[in-house]
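In what follows, a structure is listed as structure tokens, so that the remarks can point back to it.
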Amino acid sequence: MNALPPHPPAVRTTCPYCGVGCGVLAAPDGHGGATIAGDPAHPANSGLLCSKGSALAETLSLDRRLLHPMLRRPDGSLVRAGWDRALEKVAGGLRTILERDGPGAIAFYLSGQLLTEDYYVANKLMKGFLGSANVDTNSRLCMASSVAGHRRAFGADVVPGTYRDIDEADLIVLVGSNAAWCHPVLYRRMMTAKRERGTKLVVIDPRRTATAADADLFLPIAPGMDTALFCGLLANLADALALDYGYIDAHTAGFVEALARAREIAPDVASTARATKLDQADIARFFELFRKTERVVTCFSQGVNQSAQGTDKVNAIINVHLATGRIGRPGMGPFSLTGQPNAMGGREVGGLANQLAAHMGFAPAEEDRVRRFWNAPRMATHEGLKAVDLFEAIERGKIKALWVMATNPAVSLPRAGPMRAALKKLELFAVSENVLSNDTIEAGAQVLLPAASWGEKDGTVTNSERRISRQRAFLPLPGEARPDWWIVSEVARRLGFAAAFDYSGPADVFREHAALSAFENNGERDFDIGALASLPNTGYDALDPVMWPARAGESRGERRFFAAGEFYTRDRRARFVAPERPRPRAGTTEVYPLRLNTGRLRDQWHTMTRTGASPRLCAHSPEPFIEIHPADAKAMKLTDGDFAKVTTQLGSAILKVAVTAGQQRGSIFAPIHWSDATAAYARIGELVAPANDPYSGQPELKATPAHVEPAEFAYRGFALTRHPIALPSGTWFARVAVAKGEGLLFATNEPPDFWQDFGATLTTDEHELAEYVDPPRGLVRVAAFRSGQLDACIFVGPAKTPPQWDAVRSLFEAGVVAERDRRILLSGRSSDGLAETGPVICACYSVGLAAIRKAIATGEAASVADIGRTLRAGTNCGSCVAELRTIIEDMAKIAETRADAKPSAVPVSA
Ligand code: SF4
């Protein structure tokens, strides 16, 4: 008997999605796939993964990968090229434009998805050798207000606390953060603290999100009014003599001015309530909780950052922690939750246009220090253009060369339409990418450089608590893909800088980065990982997660900042900041009466280039939608499940309608994930106005005035195919990954016979065709079978009674379809075996909404624990637990309403 081949050992790596930075064990299967599990030894997650992390194995396919360098021909087509030609094209283009137009005419646009080593090399080339600081990153859309707030208050971009503080807090305040969906594993740590030590949770958010469902106190604040709430809190703490004057006197400056400003903005509970539109009693309760609880952690995220006044919001939060001395000690402090896996690493190497490397800025002494360390011939001497300004400079023709790495700005930038059009003006437009096609490539990229993806690349990332972890390769480099640090170094060599970019691997880059952090750093700079500057290659390969600072000669471990002051300002004192009075958001008008808020979903990431490949993840929210309050929906004549056209001054989109009381009146919410590659008419970036924060340059992504009206379609349908297909132009659609193929959910005004003809194009002579067509009822069902399997199909029906997507998808995924099911399939009837599951709530065990509702309705389940026992939902990664709770509450409310509606059995007078 042959012995089974040994299982390859699992590789310890790090999740490529959010800033929690969970450790992952990836065991390659030898066929390009891997088994994925949480790493029990990683301090960020202790073995837990959320739905996105758990589904990573479904995203490793090479199907849509860019595997070779490509060049665009004059006729617009892309042709394969060798690495030499592609690199020379980039280097030659940069050289020509630099010599002719100067360093201000070139730019790089980077990403929080890059590894620190990639980021470092790109930043070094641009700022030290090409002489431009026009290097910005998609972190500008995500974290820039936190960076600016930290630098104003602390003199450095440092998160003072650690995740352990969340475990040890007695009160956690979440501001503008749907952590249950966007930082799920950290959120589970919050829930554990709640359960085990009674930690209270206050959630401050204009939307009643999944996170709000777990709150002890939910404050549905008016959009943009966080500064008023925290000014009110500061004034209240001062009035109640609850401030730590010892800390204020010893370690801070600017308190008197900040308190005076807070009193101007929100002197008491009543004025705070007026500004925030919150209930006075709720505000009083929040203030009291904060006042009486020593161990408070205030976590904030995109709801705070993505704002035209984001930096002031961050400082208003930091002010209350400085004023109470609740910073840098166990269980307390302000805590910025980073969005991306390596937003923090990008900040460490100076990936933002207003920073130099190793947390240094453009002060002459710092610029000189970096110049000497790099032996840089052409050092940038001043800040470069921040993301929105940078793309506007392309629009004006000022920037002529752009190199985009690992991001999709044609989708994610505000005012994405004109920004995308501007890319066509570039003389040199290079893109380092994993995928063969995305909206940015389609905007006219001339050079495509195939970059290594997660699982193939090797380096480090830093999470929200300053912990540096290794991302390790566990798969071979496919095709001609190469790591980003290598690609940039090769361009640098061709520009004549071979000696400065002579890296043999990421360990070389990391050692240099660590050495720069410690260079002439006698404790004046927060970021110091000098202890890692002489790691041998073996030590780098084996590096365990390590938190910075990691100074040479000091013991390593978890370190908090600022319990005893020692800030990174000139006088080592923190700065209170007197914030501007919060302005009402960009004015709504009669034409645009609503405010468009944007954000993320639980199971998707950015523009879906990775998560969009996972059938499990796509089953949660398969179509782009807007959430709207029931009263607004009624006023706008919108019905749940129908379509709406959302229009702003910049453009329009067509989205499914989700009516929910969790949305405030006057606001609508749309997810950011869909692009032209994954849907029609659903690019939300195109609708968003770019109002930037004056300090951080971060654009306001949460308050664009908008108009909503019904969008009518006569028919709805879906197609399921083994390979991607395109629907006729003008069709509204959303692409959905399904097992063994792809689905398209669509809406149309084309008549049934049109779709019957289209269905015929999906079949070949090898197919056994089955059709059911009923024109008077608007029904078309075309199914093509091969070897007993459903190989392709298209179903169309009247928009009010659309065909059953879930049931047919199950048959498509299942393999051989029994004769009985074929008949059911075409008849359009359901049966037990073909029941609609509804959207998948538990991605781990594929449990749909219908099954959960049924378990509750039949009395099988009355709690989240019951649902776990009967259906297993919520018992693995836990990402859906908050949603399960909401479903139970919603069904209880419906039951109550029905009971109230019934005539009372006993006369009221009795
Ligand atoms: S919380 Fe989820 S997405 Fe974030 S790092 Fe962990 S597994 Fe990845």
Inset, instruction - Give the ranking of Asp774, Asp244 by solvent-accessible surface, highest area first, calculated with a 1.4 Å probe. - result: Asp244, Asp774
Legend entry - Estimated distance in nm for a label pair at Arg195 and Glu257, the labels positioned 7 Å out from Cα along Cα-to-Cβ: 4.8 nm
Legend entry - Gyration tensor (alpha-carbon) shape descriptor, the stretch 22-177, a/c threshold 1.5: oblate
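Using a simple charge model, +1 on the beta-carbon of Lys and Arg, -1 on the beta-carbon of Asp and Glu, nothing else, what dipole does the stretch 642-727 show about its Cα centre, in debye to the nearest 20? Write out the running numbers ahead of the final one.
Details: 7 positive and 7 negative charges, 56 e Å.
Dipole magnitude for the stretch 642-727 comes out near 260 debye.
Let me know the shape class of the chain, please: from the alpha-carbon gyration tensor, a ≥ b ≥ c as square roots of the eigenvalues, rounded when a/c is under 1.5, otherwise prolate if a/b is greater than b/c, or oblate. Before the final figure, lay out the partial values.
On the way: a/c = 1.60, a/b = 1.16, b/c = 1.38.
Since a/c reaches 1.5 but b/c is at least a/b, the shape of the chain is classed as oblate.
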Inset, instruction - Mind checking the per residue accessible area of the stretch 252-340 for me, 1.4 Å probe, whole number of Å²? - result: 28 Å²
Inset, instruction - Output the relative contact order of the stretch 66-178, whole-number percent, from Cα pairs under 8 angstrom with separation of 6+ residues. - result: 15 percent
Legend entry - Per residue accessible area in Å² of the stretch 682-757, where ligands, DNA and RNA are left out and the probe is 1.4 Å: 35 Å²
Legend entry - Projected label distance in nm at His767 and Ala564, using a 7 Å step from Cα toward the beta-carbon: 7.5 nm
Inset, instruction - Calculate what fraction, in whole %, of the accessible area of the chain sits on carbon and sulfur atoms when a 1.4 Å probe is rolled over the protein chains. - result: 52 percent
Inset, instruction - Highest first, please rank the peptides 252-263, 331-342, 64-75 by the mean number of other Cβ atoms sitting within 10 Å of their residues. - result: 331-342, 252-263, 64-75
Legend entry - Charged-residue dipole, Cβ positions (Lys, Arg, Asp, Glu), the stretch 512-637 about Cα centre, Debye nearest 20: 680 debye
Inset, instruction - For Lys313, go through the aspartates and glutamates and keep the ones whose alpha-carbon is under 19 Å away, minus same-chain ones fewer than eight residues off. - result: Asp157, Asp205, Asp226, Glu257, Glu264, Asp268, Glu580, Asp693, Glu700
Inset, instruction - Along Cα→Cβ, 7 Å out, is where each label goes; now give me the distance between the ones at Thr35 and Thr858 in nm to one decimal. - result: 3.3 nm
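For Ala270 and Trp83 in the same chain, what is the full-extension length gain: residue separation times 0.36 nm, less their Cα-Cα distance, in nm?
Numbers: separation 187, 0.36 × 187 = 67.32 nm, distance 6.58 nm.
Once the chain is fully extended between Ala270 and Trp83, it gains 60.7 nm.
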Legend entry - Extension reserve of the Ala850-Thr96 stretch, reckoned as 0.36 nm per residue once the Cα distance is removed: 265.3 nm
Inset, instruction - Go through Pro622, Gly641, Met608 and say which Cα lies farthest out towards the positive end of the charge dipole of the stretch 601-655; charges sit on Cβ, +1 for Lys and Arg, -1 for Asp and Glu. - result: Met608
Legend entry - For the chain, with +1 on Lys and Arg beta carbons and -1 on Asp and Glu, the positive-most of Ala235, Phe501, Ile221 along the dipole: Ala235
Inset, instruction - Please give the peptides 203-210, 576-583, 117-124 ranked by average Cβ packing (other Cβ atoms within 10 Å per residue), highest first, as a rough proxy for protection. - result: 117-124, 203-210, 576-583
Legend entry - Whole-Hz ³J(HN,Hα) from phi, Karplus 6.51 cos²θ - 1.76 cosθ + 1.60, for the stretch 450-459, glycine and proline x: x, 9, 4, 10, 4, x, 10, 9, 9, x
Inset, instruction - Taking the dipole about the Cα centre of the stretch 361-471, with the C-beta of Lys and Arg at +1 and of Asp and Glu at -1, give me whichever of Gly417, Val447, Leu390 is farthest to the positive side. - result: Leu390
Inset, instruction - Determine by what factor the alpha-carbon radius of gyration of the stretch 524-633 differs from 2.2 N^0.38 Å, reporting the quotient. - result: 1.84
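What does the charge add up to near Thr192, with Lys and Arg as +1, Asp and Glu as -1, over the other residues with Cβ less than 15 Å from its Cβ?
After counting each charged neighbour, the total is +1.
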Legend entry - Estimated FRET transfer efficiency when R0 is 30 angstrom, pair Asp502-Asp544 (beta carbons, to 0.05): 0.60
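Give me the 1.4 Å probe accessible area per residue for the stretch 11-142, excluding ligands and nucleic acids, in Å². Don't skip to the end; give the middle numbers.
Values: 4050 Å² over 132 residues.
Heavy-atom SASA per residue in the stretch 11-142 reads 31 Å².
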Legend entry - Taking the stretch 96-247 and dividing mean pair separation by its residue count, relative contact order in percent (alpha carbons under 8 Å, at least six apart): 13 percent
Legend entry - Pairs from Lys89/Lys645; Lys398/Lys702; Lys194/Lys893; Lys127/Lys425 whose Cα-Cα separation, in the structure shown, is over 32 Å: Lys89/Lys645
Inset, instruction - Taking H placed 1.01 Å from N in the peptide plane, check which residues at least 5 places from Leu62 or on another chain put their amide H under 5 Å from its amide H. - result: none
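Can you tell me the dipole magnitude for the chain around its Cα centre, using point charges on the Cβ only (Lys, Arg +1; Asp, Glu -1), in Debye to the nearest 20? Could the numbers behind the result be given before it?
On the way: 103 positive and 101 negative charges, 148 e Å.
Charge dipole, the chain, about its Cα centre: 720 debye, nearest 20.
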Legend entry - Area of Glu623 that stays accessible when all protein chains are in place (1.4 Å probe, Å², to 10): 30 Å²
Inset, instruction - At 0.36 nm per residue, minus the direct Cα-Cα distance, what do Glu709 and Thr639 gain on full extension? Give it in nm, one decimal, please. - result: 24.1 nm
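What order, most packed first, do the peptides 145-152, 383-390 have when packing is the mean number of other Cβ atoms within 10 Å of each residue? Working shown, then result.
On the way: 145-152: 26.4, 383-390: 22.0.
The packing order, highest mean first, is 145-152, 383-390.
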Legend entry - CD proxy at 222 nm, helix term only [per DSSP H run n ≥ 4: -39500 (n - 2.57); per residue of the chain; nearest 500]: -9000 deg cm²/dmol
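Got the relative contact order for the chain handy, in percent, Cα pairs under 8 Å and 6 or more residues apart? Please list the in-between numbers first.
Numbers: 2079 pairs, mean separation 131.5, N = 910.
14 percent.
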Legend entry - For Ala451, residues with placed amide H under 5 Å, excluding near neighbours: Glu433, Asn434, Arg482
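Would you please classify the overall shape of the stretch 707-854 from the alpha carbon gyration tensor, given that a ≥ b ≥ c denote the square roots of the eigenvalues, rounded means a/c under 1.5, and beyond that prolate means a/b larger than b/c while oblate covers the rest?
rounded
The values are calculated or read from the model by the stated rules, or taken from the named source; none is laboratory data. In this text the structure is predicted, and so the values were computed from the model without any measurement. Quick reminder, even Gly has a Cβ in these numbers, built from the backbone with ideal geometry, and neighbours come from all protein chains shown. Quick note on the areas: whole protein, heavy atoms, side chains included, nothing else; ligands and nucleic acids left out. Shrake-Rupley method; radii C 1.70, N 1.55, O 1.52, S 1.80 Å.
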